[in-house]
Amino acid sequence: MGFSLEGVRLTHANGFHALRGVDLHVAAGERVALIGASGAGKTTLLRVLAASLRPTGGRVRLLGGEPWVDSPRVLRRLRSRIGLVHQSPPIPPRQRVVTAVLAGRLGQWPLWKALASLVLPVDPEGAARELARLDMAERLYARCDRLSGGQLQRVALARVLYQQPELLLADEPVSAMDPALSELTVALLNEEAVRRGVTLVASLHAVDLALRHFPRVVGVKEGAIAFDLPAAEVTEALLRDLYAAEGALPLAGEMPGTPAPGLPPLRCA
Amino acid sequence: MSTPVRDPAALPRLGWTLLALVLLWPLLRLTDFRPAALFEAGNLQAMGHFLGGFLPPETAPEFLAMLARATVETLAMATAGIALSMLLAVPLGLLMTRSLSISRLGPGRGGWVGQILRGLARGVLAVLRGVPELVWALLFVRVFGLGAAAGVLALGITYGGMLGKVYGEILESTDARPARILLEAGSGRLAALCYGLLPNAAQELVSYTVYRWECAVRASVVMGFVGAGGLGQLMDQSMKMLNGGEAASILATFLVLVLAADGLSGFLRRRLA
Amino acid sequence: MRAGISLGALLAVALLLAAVGASFAFLDMPLGALFTGSAANEAADFVKRFFPPDTSVDFLAKVAWAALETLAISLLSTLLAVLLAAGLALPAAGRQGWLAGQVARFSLNLLRSVPELVWATLMVLAAGLGPFAGTLALALHTTGVLGRLFAEALENTPAAPAEALVSSGAPALATFLYGTLPLVAPQWLAYALYRWEMNIRMAAILGFVGAGGLGAQLYYSLSLFHEAEASTVILAMLMMAVVVDGVSAWLRRASA
């Protein structure tokens, strides 16, 4: 029930080739880290896996279904089984944490439940449980615009954990957190995947985090797979080649390209 | 892990919802809210007959000539009304502007005469725009008789109040230093206005006036409902005779006129920006 | 500052003056008559009849009731308009495809271009005389105005939260309520309050065509040549306008 990509290509409207023929087969329960320089195509790849971007070529099979072949209803049901942690938390600033977390199951709830939950949260215990795992339980009823970038990122993570997806995807889920918290959070993602036996794919900017926590590491370079190896077999030469454009290897200790006080929270215009 | 605290917003939300429901009831009663009235046989028949007459719209040459005349009258009413309102707005707006006060330059405390005058101007403007233009029109129709004159005066008075207030605000919010320097150098208020304030404020002033002209077109369309000429008067007559065909033609003219005024005003303001 | 005045500007000013002159000429304003002795006397007599305003308790109670009715009309119509406008703004912002967008835009333009008073005359025909017709009329026009503003706010809102919910399989309505509404709500609310302010003024005159509120009372009093009563009603309108102005200015300062 994992997923498989065969010759997946994606060209943006402006002619940029984001993915140039990606083959990737991942079995159910595998845990895979995506690494590579910024702009290599990690985010695009994850969004294709989340069935939210339609590739311009190739074949996508996710959890036993083909998202772009079936009807919209089937696509919607498939999407509700896939959870993607976004790099910048896609949460409205004026929403409360509890509502933001409960929104994870909107794809599984009947509409009446979604409406009722807006008035009075239907499952605050469930939301609190996921938040507690991220050490955020006491902010259950806080408003999201009162949180720091790292806290907001944990709320977004709690939402996806609450969704309980069969395919757990994460796009740089710790970019706004300090090294210690990053370590804990990546460990938590892995623990969740192992405990529930689901597939996990996470892109990480910090190479050491990826190598320490994931059995399988995929290097992405210029929209294609550069290597796909067990973590132990990833050599320094491979990494140097992967990050040739950036100069140095990005490590969890010093994360270049991360805005210091966290990502700017979404602001309503 | 402790059980999560109860939702702190639950009780206030319940309270506000109940309050809203309690307030909604008198609202529905006061406005006599009966959607069923729309489907009563008598009303349905009247409306159906009237709407049925919409097609085809009236296109008899003499009616179209009347329509054209009323349209021109409406536009003329709006234009003349704005011109009249500026006669009121410019002096009162200037009177309101603190940046042009000589007594505020000091030394010593600001002149009380100036303050009283400014307060008075503010009050006059508030009364002028506080009474809706249609009420003014209704009153003027009684003095000048039916026709566009009442509409022009009504527009002039209400829009004079609005324009005067906004002119004053625009002049207040523009950089006062150039005017201040001129006043300190001993120039008169008019010179300070022309060389100190206007260069920075002119664009905004003109833009707002154009916008008000657009509003005036909308307003003069309905002036006729109280007998003050223009398209409204024609519409009123057609409605009273339940002549659907004529009403349809007039409504179409409304749409074209309002959209054209909208477009022209938008175009002019973009050109100015 | 500009160097001199361009030929175009000169032409524009000339055109403007010509338009104003033509307008006055076309309308054949009897402005001169205003300053002739007899007309001025007549006008002065007319004004005199408005003083003093009628302050009998009976009539004051009537005016207060009419003012309350005016307030209710404005409030309920704005409320209805917000609901209708939200429903039309979503397709108008292009969220339900091109065709639905064009249809919604056209309906909003139509609703907006027909003035409130014209809607009122139509609604009096459809729902009978009274405040209900006024409520419907104001609601229809306001729907057009708010719908356009709401759609603009929607178009300028970041789409990421809604897209994230869609990609987790959320249905359309839930996506809107959880992902988009929290983002646009403050702006929508500000627009709605601004329109409510305008609707209070408008509700006061809808009565001229039989749609309830203070206007109905004014029209009635003037028709019966009870000028003292009319001046009480006008004062009530003035008071309402001043209060609304003050409250909204205060609210804007408080929220800024």
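The values are calculated or read from the model by the stated rules, or taken from the named source; none is laboratory data. This one's a predicted model, so the numbers in the text were calculated from it and none came from an experiment. Glycine gets a Cβ as well: all are built from the backbone with ideal geometry, and neighbour counts include every protein chain shown.
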Practice task
May I ask you to list the residues in the range B:145-160 that are surrounded by fewer than 24 Cβ atoms within 10 Å (Cβ to Cβ) and facing another protein chain (nearest Cβ under 10 Å)?
Solution key: B:Gly145, B:Gly147
Exercise for the section: Can you confirm whether the range B:205-218 contains a residue that is assigned to a helix (DSSP H, G or I), surrounded by fewer than 17 Cβ atoms within 10 Å (Cβ to Cβ) and charged (D, E, K, R)? Expected result: no
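Okay, residues lined up against (1) at pLDDT 90 or above; (2) under 19 Å from B:Met86 (Cβ atoms):
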{"site": "B:Gly108", "(1), (2)": "no, no"}
{"site": "B:Leu128", "(1), (2)": "no, yes"}
{"site": "B:Leu134", "(1), (2)": "no, no"}
{"site": "B:Val143", "(1), (2)": "no, no"}
{"site": "B:Leu155", "(1), (2)": "yes, yes"}
Practice task
Kindly establish whether C:Leu60 is under 25 Å from C:Ala190 (Cα atoms) and not β-branched (Val, Ile, Thr).
Solution key: no
Handout entry: Failed item, numbered, when A:Gly262 is tested on (1) surrounded by 17 or more Cβ atoms within 10 Å (Cβ to Cβ); (2) modelled with pLDDT of 90 or more; (3) on the phi > 0 side of the Ramachandran plot
Key = (2)
Exercise for the section: Being among the polar types (S, T, N, Q), under 25 Å from A:Pro72 (Cα atoms) and at pLDDT below 90 is the filter here, so list the residues in the range A:12-51 that pass it. Expected result: none
Practice task
Search the range A:38-53 for residues that are within 13 Å of A:His12 (Cα to Cα) and within 14 Å of chain C (Cβ to nearest Cβ) and pair each with any residue that is basic (Lys, Arg) and surrounded by 19 or more Cβ atoms within 10 Å (Cβ to Cβ) when their beta-carbon atoms are under 8 Å apart and the residues are at least 6 apart or on different chains.
Solution key: A:Leu53/A:Arg47
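Quick check: anything in the range B:243-253 more than 30 Å from B:Thr59 (Cα to Cα) and at pLDDT below 85?
Looking through the range B:243-253, none of the residues is more than 30 Å from B:Thr59 (Cα to Cα) and at pLDDT below 85.
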Exercise for the section: Considering only residues that are facing chain B (nearest Cβ under 10 Å) and acidic (Asp, Glu), look in the range C:223-256 and name the one that is surrounded by the most Cβ atoms within 10 Å (Cβ to Cβ). Expected result: C:Glu227
Problem - Which listed residue, of C:Ala216, C:Ala192, is in a helix (DSSP H, G or I), away from chain A (no Cβ under 14 Å), touching a residue at least 60 places away in the same chain (Cβ under 8 Å) and closer than 30 Å to B:Gln237 by Cα - result: C:Ala216
Practice task
Collect the residues in the range B:220-242 that are outside any helix (DSSP H, G or I), in contact with a helix residue (DSSP H, G or I) (Cβ under 9 Å, 6 or more places away or on another chain) and within 23 Å of B:Pro61 (Cβ to Cβ), keeping them in residue-number order.
Solution key: B:Gly229, B:Gly230, B:Leu242
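How about the range A:119-230: which strands (runs of 3 or more DSSP E) wholly inside it have at least 2 residues that are surrounded by 20 or more Cβ atoms within 10 Å (Cβ to Cβ)?
The qualifying strands (runs of 3 or more DSSP E) are A:167-171, A:199-203, A:216-221.
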Exercise for the section: Could you tell me whether the range C:183-192 includes any residue that is surrounded by 19 or more Cβ atoms within 10 Å (Cβ to Cβ), assigned by TED's automatic domain parsing to the domain that holds C:Thr121 and among the polar types (S, T, N, Q)? Expected result: no
Problem - Residue pairs meeting the criteria (Cβ under 6 Å; at least 6 apart or on separate chains; first under 12 Å from A:Val220 (Cβ atoms), in the range A:12-27; second part of a loop (DSSP other than H, G, I, E, B) and among the small types (Gly, Ala, Ser)) - result: A:Ala18/A:Gly41; A:Ala18/A:Gly223; A:Leu19/A:Gly41; A:Leu19/A:Gly223; A:Arg20/A:Gly223
Exercise for the section: Report yes if some residue within the range B:171-179 is within 21 Å of the chain's Cα centre (by Cα), crowded, with 21+ Cβ neighbours inside 10 Å and assigned to a helix (DSSP H, G or I); otherwise report no. Expected result: yes
Handout entry: Test set (1) touching a Leu at 6+ places or on another chain (Cβ under 8 Å); (2) more than 12 Å from chain C (Cβ to nearest Cβ) - A:Gly104 fails condition number
Key = (2)
Problem - Residue count for the range A:231-246, restricted to those that are surrounded by 11 or more Cβ atoms within 10 Å (Cβ to Cβ), part of a loop (DSSP other than H, G, I, E, B) and not β-branched (Val, Ile, Thr) - result: 3
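Being more than 7 Å from chain C (Cβ to nearest Cβ) and in contact with a strand residue (DSSP E or B) (Cβ under 6 Å, 6 or more places away or on another chain), is that true of even one residue in the range A:120-132?
Among the residues of the range A:120-132, not one is more than 7 Å from chain C (Cβ to nearest Cβ) and in contact with a strand residue (DSSP E or B) (Cβ under 6 Å, 6 or more places away or on another chain), which makes the answer no.
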Fill in the blank from the handout: Over the range B:5-39, the set of residues hydroxyl-bearing (Ser, Thr, Tyr) and within 14 Å of chain C (Cβ to nearest Cβ) is B:Thr31
Practice task
Specify the residue that is farthest from B:Cys215 (Cα to Cα); the eligible residues are those in the range B:69-80 that are more than 9 Å from every other protein chain (Cβ to nearest Cβ) and touching a residue at least 60 places away in the same chain (Cβ under 8 Å).
Solution key: B:Ala70
Completion exercise
The condition of being farther than 20 Å from A:Pro173 by Cα and not β-branched (Val, Ile, Thr) holds, among A:Arg61, A:Arg31, A:Arg79, only for A:Arg61
Fill in the blank from the handout: Given (1) more than 11 Å from every other protein chain (Cβ to nearest Cβ); (2) aliphatic (A, V, I, L, M); (3) crowded, with 23+ Cβ neighbours inside 10 Å, C:Ile205 misses just (1)
Handout entry: Number of the condition not met by C:Ala174 [criteria: (1) more than 7 Å from every other protein chain (Cβ to nearest Cβ); (2) over 28 Å from C:Glu197 (Cα atoms)]
Key = (1)
